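For reference, the structure is listed below as structure tokens.
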Amino acid sequence: MIKLDYRSGKPLHEQIEASIRELVVNGALKAGERLPSVREMSVMLTVNPNTVQRAYKELEAHGVICSIRGKGSYISNAAHVNNERMEELYEVLSATVRELIFLGEKKESISDALSTIYKETNEDDRN
């Protein structure tokens, strides 16, 4: 489910957060699905419960999950999550394309790369 890279410079709570986001985007975690408790997740990942709690708080602040006191944390409505995440990703895409242009990449090459990625992704969806 979630794999952590302990040698990475990226903090563990950010890795947990990114992994859960990716699972939601890929459809592995669906809206309304319950996440393991903080304690359960910390045991599964062998990390401090505070690390998991911090990741869950960030996910909740961004609307990816919602917590119900005494019941646990659940994946939020995907539409809200997707809109917010799509805005973030378009900002990253824009910055990446601008850097490619700065480095001298041609419009056709960038367009071809996007078309290839899109085609590969759609082929993956069909399998």
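Details
- Contacts under 6 angstrom Cβ, first residue in the range 1-26 being within 17 Å of Pro49 (Cα to Cα), partner among the β-branched types (Val, Ile, Thr) and open to solvent by less than 50 Å² (accessible area, probe 1.4 Å), 6 or more apart: Leu12/Val47; Leu12/Thr51; His13/Thr51; Ser19/Ile2
- Under the condition of being at pLDDT 95 or above and either touching an Asp or Glu at 6+ places or on another chain (Cβ under 6 Å) or β-branched (Val, Ile, Thr) (or both), the residues counted in the range 21-45 number 2.
- Under the condition of being open to solvent by 30 Å² or more (accessible area, probe 1.4 Å) and within 20 Å of Leu89 (Cβ to Cβ), the residues counted in the range 6-20 number 3.
- When every residue of the range 34-44 is checked against the conditions, at least one turns out to be small (Gly, Ala, Ser), without any contact (Cβ under 8 Å) to a residue 12 or more places away in the chain and assigned to a helix (DSSP H, G or I).
- Qualifying residue in the range 85-105 (condition: surrounded by 11 or more Cβ atoms within 10 Å (Cβ to Cβ), modelled with pLDDT of 90 or more and not in a helix (DSSP H, G or I)): yes
- Some residue of the range 52-65 being at pLDDT 95 or above, among the hydrophobic types (A, V, I, L, M, F, W, C) and over 22 Å from Val24 (Cα atoms): no
- Hey, Tyr56 part of a helix (DSSP H, G or I) and surrounded by 13 or more Cβ atoms within 10 Å (Cβ to Cβ) or not: yes
- Top-ranked residue of the range 34-43 - restricted to ones that are surrounded by 13 or more Cβ atoms within 10 Å (Cβ to Cβ) and of a type outside the set (Ser, Thr, Tyr), ranked as nearest to the chain's Cα centre (by Cα): Leu35
- Residue match in the range 82-94 (condition: under 15 Å from the mean Cα position of the chain (by Cα) and over 30 Å from Asp112 (Cβ atoms)): no
- The range 21-33, residues that are in a loop (DSSP other than H, G, I, E, B) and either touching a strand residue (DSSP E or B) at 6+ places or on another chain (Cβ under 7 Å) or open to solvent by 30 Å² or more (accessible area, probe 1.4 Å) (or both): Asn26, Ala28, Leu29, Lys30, Ala31, Gly32, Glu33
The values are calculated or read from the model by the stated rules, or taken from the named source; none is laboratory data. None of the values given here were measured: they were computed from a predicted structure. Cβ: placed from backbone, ideal geometry, glycine included. Neighbour counts: every protein chain shown. Just so you know, the surface numbers come from the protein's heavy atoms only, side chains and all, with ligands and any DNA or RNA stripped out. Shrake-Rupley method; radii C 1.70, N 1.55, O 1.52, S 1.80 Å.
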